[in-house]
1. Which of the residues spanning region 136-183 are open to solvent by 40 Å² or more (accessible area, probe 1.4 Å) and of a type in the set (Phe, Trp, Tyr)?
2. Go through region 98-117 and count every residue that is open to solvent by 30 Å² or more (accessible area, probe 1.4 Å) and over 16 Å from Arg59 (Cβ atoms).
3. Return the residues of region 120-135 that are part of a loop (DSSP other than H, G, I, E, B) and crowded, with 19+ Cβ neighbours inside 10 Å; say none if nothing qualifies.
4. Return the residue satisfying two criteria in turn: it lies in region 231-260 and is open to solvent by 50 Å² or more (accessible area, probe 1.4 Å) and not in a loop (DSSP other than H, G, I, E, B), and of such residues it is farthest from Met107 (Cα to Cα).
5. Looking at (1) in contact with a helix residue (DSSP H, G or I) (Cβ under 8 Å, 6 or more places away or on another chain); (2) on the phi < 0 side of the Ramachandran plot; (3) of a type outside the set (Phe, Trp, Tyr), which one does Val125 not meet, given that it meets all the others?
6. Suppose the filter is touching a residue at least 12 places away in the same chain (Cβ under 8 Å), out of contact with any Phe, Trp or Tyr (no Cβ under 7 Å at 6 or more places or on another chain) and closer than 19 Å to Phe168 by Cα; does Met217 pass it?
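The values are calculated or read from the model by the stated rules, or taken from the named source; none is laboratory data. Just so it is clear, the structure is predicted and the values come from calculations on it, not from any experiment. Here Cβ is always computed from backbone atoms with ideal geometry, including for glycine, and neighbour counts include all displayed protein chains. Surface areas here come from the heavy atoms of the whole protein model, side chains and all, with no ligands, DNA or RNA. Shrake-Rupley method; radii C 1.70, N 1.55, O 1.52, S 1.80 Å.
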Amino acid sequence: MAFKRFISLIITLFFCILLYLQPVLCSNIEAKASQFFSSGHTNNWAVLVCTSRFWFNYRHVANTLSVYRSVKRLGIPDSHIVLMLADDMACNHRNPKPATVFSHKNMELNVYGDDVEVDYRGYEVTVENFLRVLTGRLPPSTPRSKRLLSDDRSNILIYLTGHGGNGFLKFQDSEEISNVELADAFEQMWQKRRRGAPFCRYNELLFIIDTCQGASMYERFYSPNLMALASSQVGEDSLSHQPDLAIGVHLMDRYTFYLLEFLEDIHPASQATMKDLFKVCPKSQCASTPGHRTDLFQRDPGTVLITDFFGSVRKVEITKETINLTTPIVHEDHDPSRPAEEAPETQTYVDQLSVTEIIHQKPKRKDWHPPDGFILGLWTLILLVFFKTYGVKHLKHIF
């Protein structure tokens with residue numbers, strides 16, 4: 001009798017707890033659903049720009065390609081990415097490994113990949129072309145791959161890297177763009193959103209810049225729905241990282257290096273927010289003070305998912321048909337008697353090791369070669385020891 005009372009008490013207690021937690025569970029589901037639809041965007045775009053030329057600026061190309069690799073991995077297709085590289089480091093005659101650009105000294109992560117689509121290269125990367133891409137003022141003959149065909153439901157990521165100063169960013173050491181010109185370009189994009197123009201409108205915009213005194217580039221922004229991040233404050237330098245003695249240059253900048261490390265842990269269903277991104281590369285790691293500006297952004301950064309800008313909104317097709325996932329699909333033209341041809345293995349971005357694994361790897365041991373003059377010096381030392389021990393009179397026993 002006592003046992004039955006105990007069981008009934010346990011069951012009653014269980015249902016009481018369930019009734020108590022039901023509103024909490026429902027509110028969590030509603031919160032996740034409201035977070036999913038709160039952005040209001042239906043597509044994602046990215047404009048990634050490296051503004052530096054010459055071999056010693058290798059790291060700026062690697063910065064841009066690292067972000068390019070991350071946004072592609074998270075779902076943004078090449079058709080929605082405008083990639084601008086001021087120099088082709090992969091084909092530079094100083095590159096000991098042609099057709100590759102590495103972001104780590106272990107030489108394991110090739111951010112150039114095998115399917116990079118560069119839209120603007122070399123001398124095409126100018127202030128004029130960059131502003132034309134943003135504002136949509138391009139000649140009619142410009143192909144779609146070189147256009148930013150966004151609309152009022154687009155979330156746009158804009159990433160810039162290069163050499164800069166207080167209120168400006170240099171393009172190829174020949175011209176520069178000021179923070180006022182950049183702010184006016186963003187305002188034109190927002191105004192076109194109101195007027196219903198066919199190009200360059202946006203729903204929300206994330207601006208990231210990795211350069212010296214980067215925070216000065218977003219001081220003049222005044223357009224709504226805009227969030228900005230920079231690698232350094234006014235008066236600070238943005239420092240390089242990962243020196244490689246084999247090629248004589250640094251492979252990346254510190255801020256983008258830790259940004260890439262952070263993005264490697266992000267997946268399309270990740271719940272990480274922009275507040276987590278603000279914590280990337282503190283001053284103890286960057287040796288500069290990263291900054292951000294959120295006063296123009298209408299949503300709370302703590303509710304904005306990283307994938308709202310670095311990922312892609314996936315189209316969902318609803319079907320009522322029953323699909324059997326256990327039996328293999330056999331095509332009509334398939335002949336069982338014929339052996340299946342093995343498809344060539346291609347190296348894609350996903351197949352490569354993650355940055356977190358690469359960083360903790362030990363550098364590969366290189367084949368040891370004696371330095372120049374080592375053999376000659378060794379023979380000289382042997383002869384000196386011989387002369388000191390036996391003298392010149394025993395030299396005839398050698399020859």
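1. Across region 136-183, the qualifying residue is only Phe168.
2. Total meeting the criteria: 7.
3. Within region 120-135, just Val125 meets the criteria.
4. Across region 231-260, the extreme among qualifying residues is Arg254.
5. Status for Val125: all satisfied but (1).
6. In short, yes.
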